[in-house]
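Note sheet for the following structure.
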């Protein structure tokens, strides 16, 4: 629990610091990854944010060795509250009433998932078939990259309303979901023999290579999306997709059984369905800014 709460704090602080740093940098694009990296690596504030995120990943390794996947995701998503508070305080971002209701519903949905847990029957799995992991992760990565590219192409259309970042958040969330499964896999491999044997066991698995892919693409995609969209909306969407992806597919692939009790099973399935439906109903565009032209000049003669 302590490691999970620490990871929440580190993730929220890291995202807010990166967003603040990106606000003072020239516009970045996924089509120019080398320029993007050069710009962000020249910002001490951004480096501080990335260090906080890296420390959050380290804390996540500890969590996955001690908690079932679904339980861990329920705790991780509680960090959304801190993220929204920090975004309002440090970034001056405001959320609409509809978005606040949506975030509240997401927290309620994931609370249902947490209430479905039972420490007497929930177990922490240590392994998963590599073929199953690849069958889940490779199509998810391909779809995430495609969805991000599709959102990029639509954003370049003239006269298009400014996007809230929901599509970007879903795309990056899929990549981070794969990364989360890979972190779970690495944590399970670190239990074998001494340090040398554990490292060799990890390198023979697909997990470090999935982490390299999601780390490279996730870095570029998330930074471009963070610069264009509000952190208070894109990060909750990304986090929700990551948590649902990891809780549902991770539980199945690592063989962590669903609840046998009908009430707990209903809570877990209903919470998952509610979170997905809220994501689908969230606004895709921000309201255009009001015209600065005085009202009397808009009145027809």
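The values are calculated or read from the model by the stated rules, or taken from the named source; none is laboratory data. Computed from a predicted model, the values in this text were never measured in an experiment. So basically every Cβ, Gly included, is an ideal-geometry build from the backbone, and we count neighbours across all protein chains shown.
Below is a table of values for the structure above.
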item: Only listed residue being modelled with pLDDT under 80, within 22 Å of residue 241 (Cα to Cα) and crowded, with 21+ Cβ neighbours inside 10 Å, chosen from 70, 7; result: 70
item: Residue list for segment 131-160, restricted to those being over 19 Å from residue 29 (Cα atoms) and modelled with pLDDT under 85; result: 159
item: Residue 215 being in contact (Cβ under 8 Å) with a residue 24 or more places away in the chain, in a helix (DSSP H, G or I), out of contact with any strand residue (DSSP E or B) (no Cβ under 7 Å at 6 or more places or on another chain) and crowded, with 20+ Cβ neighbours inside 10 Å; result: no
item: Conditions (1) loosely packed, with under 15 Cβ neighbours inside 10 Å; (2) touching a residue at least 12 places away in the same chain (Cβ under 8 Å); (3) under 27 Å from residue 181 (Cα atoms); number of the one not met by residue 59; result: (1)
item: Boolean, residue 123 is surrounded by 15 or more Cβ atoms within 10 Å (Cβ to Cβ) and at pLDDT below 80; result: no
